[in-house]
Amino acid sequence: MTVTTTEPAPVAPIPASSSTRLVDRVFKMRELAIFVLLLAILALTQLGNSAFLSEQGIKDLLLNATILVLVATGQALVVITRNVDLSVGSTLGISAFAAGTYLQSGGHPVVAVVLAVLLGVGFGLLNGLLVSLGQVPALVVTLGTLYIIRGIDSIWVGSRQITAADLPDGFVDFGSAGISAVPWLALIALAVLVSTAYYLRHFGSGRELYALGSNPEAARLAGIPVRRRILLAYTFCGALAGLAGALYLARFGNVDSGTGSGYELTVVSAVVVGGVVFTGGSGTVYGAALGALLLTSVNSVLPALGVSSVWVLAINGILLILAIAVDRIVALRVASALKKRNARHG
Amino acid sequence: MTHRSAKDPAPVLALRGISKSFGAVRALRDVSLDLFPGEVHALAGENGAGKSTLIKTLAGVHRPDSGQVLLDGEPVTFHGPADARDAGIAVIYQEPTLFPDLSIAENIFMGRQPRRALGRIDHRATRTATAALMHRLGVELDPDRPARGLSIADQQIVEIAKALSFDARVLIMDEPTAALTGSEVARLFGVVRALREQGAAVLFISHRLEEIFRICERVTTLRDGALIAGEPLAGMTEEDLVRRMVGRDLDELYPKQHVEAGEVALSVRRLTREGVFTDVSFDVRCGEIVGMAGLVGAGRTEVARTVFGVDRWDAGEVEVAGRALVNGAPSAAMAAGLALVPEDRRAQGLVMGMSIERNIGLTGLRATRRAGLMDRGAERSRSLDWAVRLQVKYARIADAVSTLSGGNQQKVVLAKWLATGPAVLIVDEPTRGIDVGTKAEVHRLLSALAADGVAVLMISSDLPEILGMADRVLVMHEGRLTAEIPRSDATEETVMAAATGRAAA
């Protein structure tokens, strides 16, 4: 079927319109801005303390960021669908302890990691089912599962504790080793990050996550399997929280019933600071990872500069509010720019 | 126009005895409908007659309780919108359903993107295909531009491009012209006619009767969920159609009473808001209805918002009954006797989840307060009084506004503002998307208000409404007031000429 309008169709070359370039620039700028801020913080700290960016310093920085990057990547997927998963901290804690218990009883490290991931998948599925079938706000549902999972964890773990001494040496070594300054754990996180970003950009179901976060009703009408996609996002998020649990165990070798408690708030902050908009439909996992990197850097920078670490939380909060303010201002600017353009062409 | 149905009697899509209930509400009762290829079919009926339910049944959103959907004569069951789409049925809803964060290209091909190896999306092919579609439609829209901020007309073009992209055989358009200007409607009709030439079946819903007669060949009329008639339009008059829709003869649609204009109630002088509108001056007198016409985006709504104080002005002044208004202060405007019934009743006029009583009560929170606390009894009696005066149809006054039909929602917004006893009433698109019966009631109400000495400024894109109701017509074009036409000289031609900037006003 070909259609020609009754009005003569002007031969219109596709203009690389000013609005598109403006919008593109703004969104790229958003991630670029965090990157620049991150570099500036690191450079300033290096000036103040020349030992900061030593090989060991860089390694510590990357190790600290790894786990947050992983969980933030999963969380970003959920936030893009206009939902949130507050139970990631609890999932991380219980997965870490499960993997630890299994290793304690002489299990194989690879199986332990798989076990942690599967446990995360299970809790992710639970969250996804509750949110997509229950039609209840994700904030409330996952607040509930946060406490449920933490409760199960506390009952099961009790006052027990797993320490590095209980774990196979290879596993603990793996947690801190790497190629010169780049730890293995960071490489794992990087691989997960890059493949998730590729998936979101180049696969239909990835784009559909953005679509349903951008306009859920339109997504339903476009025939997108909304429930399945939400389930997918939560399952993926849970899996990464589980994986992060296993890596946490390898990195710190120390797990008890409080592990990962309160972590969800850091994760959500990282995602939002990284430019994944809380109302869904926009942002990238790279942004979320940069946000995670920025927050952990602040964590490491302050002690290196001799500032008390009690400042960390306050600074995280300031970054969060700053990020939201910047988003808001940029959104207003873009809207008025687009409006003016429409008026001109009108 | 040819009646293809005569020589090609096989309907591409048909409904047979469809019924659908939502709880106790019977939305559709035993409705049948035939859509023929190469024909534009009108679906007529008042708000709440079941048109939306019927469309959603065709679109696979609702499944009928009983009855059959026939595709090429074969019974089919749509399990969801994707099934209907795969059957070649495209629906363009009243409010376009786009993804604001995604590009135009992604909006068009969401769920059906061209693929490369391993199921990856071919972004370049998506973009090229979108550019080709835009070219076919004769529209200049950048495929990479996000849908956010597109005008309603452009959003509909994107929806039509979406329908074209999967070679839709059936195109369903739910009030596509409600928010369009004359030239945009002409562009849309050009596209619809071209689709019809290609053999597509089109189902067209509009509250503007003249549009139905302009583009449709056949009409199906619904009333209270039941099928009234399915017949060719040839030989029918607008009166015939209205009688089928409302089930009775309609009093005059534009019952304008002649009122001697009094003192100047609202005076706007050289009002400017940078980048939006420039140097706008006009008066509205007591007892006058002043129409404000213009294309969508000409700045009419923005002028109203600025006069009322929702937005700030950069230069100029506004006086109500000789007293200057403070810039950017809606509460001062209200105190001075100004009321604004906004364009978008769902987003700006009503709190959808709140009761009728509370919605009407919102403007009286000061008046019905006793010692700082709400006097619930006073609020209720004030709301009831106005709901009754405006003949709002509701079950209980404590019901949520969202349960009302569009026309009755609009009456609630009017009640909310009339309850403030305004001296100047600004109404922005007072009858958009409401049925003929309610429309006539709203017009009668505006006329009665003017007769009582209220100064009315009526913004409308419905040209017959402007011509039928206004004592004077102000016309805006690209942010400027381009003409002021007295009732005696106002015709479709003079107003459209000024609205499109062709007039030497």
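The values are calculated or read from the model by the stated rules, or taken from the named source; none is laboratory data. The shown structure was predicted, so the numbers you read here are calculated from the model rather than taken from an experiment. As a convention, Cβ positions derive from the backbone with ideal geometry for all residues, glycine included, and neighbour counts pool all protein chains shown. Note: accessible area is taken over every heavy atom of the protein model, side chains too, but ligands, DNA and RNA are not part of it. Shrake-Rupley method; radii C 1.70, N 1.55, O 1.52, S 1.80 Å.
The residue that is nearest to B:R124 (Cα to Cα), among those in the range A:160-201 that are open to solvent by less than 20 Å² (accessible area, probe 1.4 Å) and over 19 Å from the mean Cα position of the chain (by Cα), is A:P183. Taking the range A:106-126 as the range and being without any contact (Cβ under 8 Å) to a residue 12 or more places away in the chain and open to solvent by 40 Å² or more (accessible area, probe 1.4 Å) as the test, the residues that pass are A:G106, A:H108, A:V110, A:V111, A:V114.
Looking only at the range B:142-152, decide whether some residue is among the basic types (K, R) and open to solvent by less than 10 Å² (accessible area, probe 1.4 Å). Don't jump to the end; show me each part of the working.
The first filter runs over the range B:142-152 and keeps only residues among the basic types (K, R), leaving B:145, B:148.
Now restrict to residues that are open to solvent by less than 10 Å² (accessible area, probe 1.4 Å): B:145.
Scanning the range B:142-152 turns up at least one residue that is among the basic types (K, R) and open to solvent by less than 10 Å² (accessible area, probe 1.4 Å).
When you scan the range B:81-89, do you find a residue that is in contact (Cβ under 8 Å) with a residue 60 or more places away in the chain, over 28 Å from A:V277 (Cβ atoms) and surrounded by 21 or more Cβ atoms within 10 Å (Cβ to Cβ), even just one? Yes, the conditions are met somewhere in the range B:81-89.
Candidates in the range B:229-259 are the residues that are without any contact (Cβ under 8 Å) to a residue 40 or more places away in the chain and in a strand (DSSP E or B); of these, the one that is least open to solvent (accessible area, probe 1.4 Å) is B:A229.
In the range B:200-228, what residues are part of a strand (DSSP E or B) and within 14 Å of another protein chain (Cβ to nearest Cβ)?
As a first pass, look at the range B:200-228 and keep what is part of a strand (DSSP E or B): B:201-205, B:218-223, B:226-228.
Listed by number, the residues that qualify are B:A201, B:V202.
One residue stands out in the range B:78-89 among those that are of a type in the set (A, V, I, L, M, F, W, C) and within 22 Å of B:S32 (Cβ to Cβ): the one that is nearest to the other protein chains (Cβ to nearest Cβ), namely B:A84.
Please go through the range B:124-135 and pick out each residue that is within 19 Å of B:F166 (Cβ to Cβ) and out of contact with any Leu (no Cβ under 7 Å at 6 or more places or on another chain).
Residues of the range B:124-135 that are within 19 Å of B:F166 (Cβ to Cβ), as a first pass: B:125-135.
B:A125, B:T126, B:R127, B:T128, B:A129, B:T130, B:A131, B:A132, B:H135, listed by residue number.
Residues in the range B:212-227 that are touching a residue at least 60 places away in the same chain (Cβ under 8 Å) and basic (K, R): B:R218, B:R223. Residues in the range B:113-141 that are over 25 Å from A:G283 (Cα atoms) and open to solvent by less than 40 Å² (accessible area, probe 1.4 Å): B:A129, B:A131, B:L133, B:M134, B:L137, B:G138, B:V139.
Of the residues making up the range A:70-103, those that are under 15 Å from A:G283 (Cα atoms) and crowded, with 24+ Cβ neighbours inside 10 Å number 12. Contact map, the range B:422-445: residues that are closer than 19 Å to B:P176 by Cβ paired with residues that are modelled with pLDDT of 85 or more and not aromatic (F, W, Y), Cβ distance under 7 Å, separation 6+ or inter-chain. Pairs shown: B:E429/B:I459; B:E429/B:S460; B:T431/B:V442; B:T431/B:E465; B:I434/B:Q410; B:K439/B:T431. Note on the range B:37-77: among residues that are within 14 Å of another protein chain (Cβ to nearest Cβ) and in contact with a Lys or Arg (Cβ under 6 Å, 6 or more places away or on another chain), the one that is most open to solvent (accessible area, probe 1.4 Å) is B:H62. Residues that are open to solvent by 90 Å² or more (accessible area, probe 1.4 Å) and closer than 17 Å to B:G182 by Cα were ranked within the range B:472-495; the one that is modelled with the highest pLDDT is B:E478.
Every residue, every condition in (1) under 24 Å from B:V290 (Cβ atoms); (2) crowded, with 20+ Cβ neighbours inside 10 Å, yes or no:
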residue: B:R345; (1), (2): yes, yes
residue: B:G349; (1), (2): yes, yes
residue: B:L365; (1), (2): no, no
residue: B:G372; (1), (2): no, no
residue: B:Q409; (1), (2): no, yes
residue: B:A419; (1), (2): yes, yes
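For the range B:172-189, state whether one or more residues are touching a Pro at 6+ places or on another chain (Cβ under 8 Å), over 20 Å from B:P81 (Cβ atoms) and not acidic (D, E). Scanning the range B:172-189 turns up at least one residue that is touching a Pro at 6+ places or on another chain (Cβ under 8 Å), over 20 Å from B:P81 (Cβ atoms) and not acidic (D, E).
Of all residues in the range B:374-407, those satisfying the criterion of being of a type outside the set (D, E, K, R), open to solvent by 60 Å² or more (accessible area, probe 1.4 Å) and under 24 Å from the mean Cα position of the chain (by Cα) are B:Q391, B:Y394, B:S402, B:T403. Scanning the range B:186-233 for residues that are within 23 Å of the chain's Cα centre (by Cα) and small (G, A, S) yields a total of 4.
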